[in-house]
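A short write-up of the structure that comes next.
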Amino acid sequence: MQPILRRLSSLYAVSMTIAVAALIPMPAPAQSLDEIVSQNGCRNCDLRLRELRELKLQSANFRDTILREADLKEAVLIESDFREADLRRAELERAKLHYSNFSGASMRAVDMEKANMTGAKFIDADLRNADLNETELAGADFSGADLRQSSLIRSNASNAVFREAKMDNVDLERTNLTNADLSEARLKQSDLDRVFARGANFEGADLSGVRLSSADLTDANLRGTDLTNALLRHTRLAGADLTDATGLSQDRIIGACGDDRTKLPSGITLEPCS
């Protein structure tokens, strides 16, 4: 009796697997460029390795689409939907992607150098090892995104949101973070040399091991940050609030300056800014 029951159980499990699989939509076969243009996108299509350079569409639908290693250099896809899309190792240099939505997308090692992504959404997206150098990210939303080991050198991320983002070992050298929100973000061992972060919000962020050389954090909110082993060399902290910041070591503050508005943890002193 027991062997029969086990066999029936196995048959039931197989039938349920088949039934569930039948409900999962499979990617549509690759479409021609003319079809992509006429349909204003290609939702849930398999477009991996496709040559789509300089494609121009408005409010296009590429949701759930596989664009892995596709060539989208200099594409113009403003206000387009890339939610949950697979863009791993895709090439999007100099693309214009204003206000597009990449939330939940898989974008590991994507190349978006010099792309314009003003106001774009990357909520919970996977952007590990991404090339975002010299990109336009003003007002973009990276809440909860994974940006570990990515590079944003010389990017403009003013007013951008990185709330609760994973940003370990990110290169932010010379990035404009004016009024950006990095609250509760994890920036362990990241490079913030010459970062321009006036009025930025780092409240509760993990800044352990970061390098802040010649950075401008005027009026920045650093309340409750973890600054263990952080290096502050010639960093400007006029008006910055470091209330309840932990781990800051006086011997790792070299030439940093503040003013009478700067709020510091007990035992920490700064030179006056000139």
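The values are calculated or read from the model by the stated rules, or taken from the named source; none is laboratory data. Note that the structure is a prediction, hence the values are computed from the model and not measured. Remember, those area values only see protein heavy atoms, side chains included, never the ligands or the DNA or RNA. Shrake-Rupley method; radii C 1.70, N 1.55, O 1.52, S 1.80 Å.
DSSP bridge analysis restricted to the chain gives an antiparallel fraction near 0%, rounded to the nearest 5. Size descriptors for the chain: radius of gyration and Dmax over Cα atoms are 23.2, 89 Å. Its relative contact order, with pairs defined as Cα atoms under 8 Å and 6+ residues apart, puts the chain at 7 percent.
Roughly speaking, to the nearest percent, how much of the stretch 146-252's 1.4 Å accessible area is carbon and sulfur? Before the final figure, lay out each step's value.
Values: 1410 of 4090 Å².
Ligands and nucleic acids excluded, carbon and sulfur give 34 percent.
Per-residue Karplus couplings for the stretch 156-165, computed as 6.51 cos²θ - 1.76 cosθ + 1.60 with θ equal to phi - 60°, are listed in order as 9, 10, 4, 6, 6, 10, 10, 4, 6, 7 Hz, Gly and Pro entered as x.
Shape analysis of the stretch 67-151 places it in the rounded category; the axes a ≥ b ≥ c from the Cα gyration tensor give an a/c below 1.5. Which angle between 0 and 90 degrees, to the nearest 10, do you get for helix 2-23 versus the longest principal axis of the chain when only C-alpha atoms count? In the chain, helix 2-23 runs at an angle near 70 degrees to the longest axis.
How much area per residue is accessible in the chain when the probe is 1.4 Å and only protein heavy atoms are counted (Å²)? Working shown, then result.
Values: 13120 Å² over 274 residues.
Using a 1.4 Å probe on heavy atoms only, each residue of the chain averages 48 Å².
Converting phi to 3J(HN,Hα) with the Karplus coefficients 6.51, -1.76 and 1.60 and the offset θ = phi - 60°, the stretch 167-179 yields 10, 4, 6, 8, 9, 10, 4, 6, 6, 8, 10, 4, 6 Hz in sequence order, with x at every glycine or proline.
For the stretch 194-234, rounded, prolate or oblate, judged on the Cα gyration tensor with a ≥ b ≥ c (square roots of eigenvalues), a/c < 1.5 rounded, else prolate if a/b > b/c? Show your work: numbers first, answer last.
Numbers: a/c = 2.38, a/b = 1.04, b/c = 2.29.
In terms of gyration-tensor shape, oblate.
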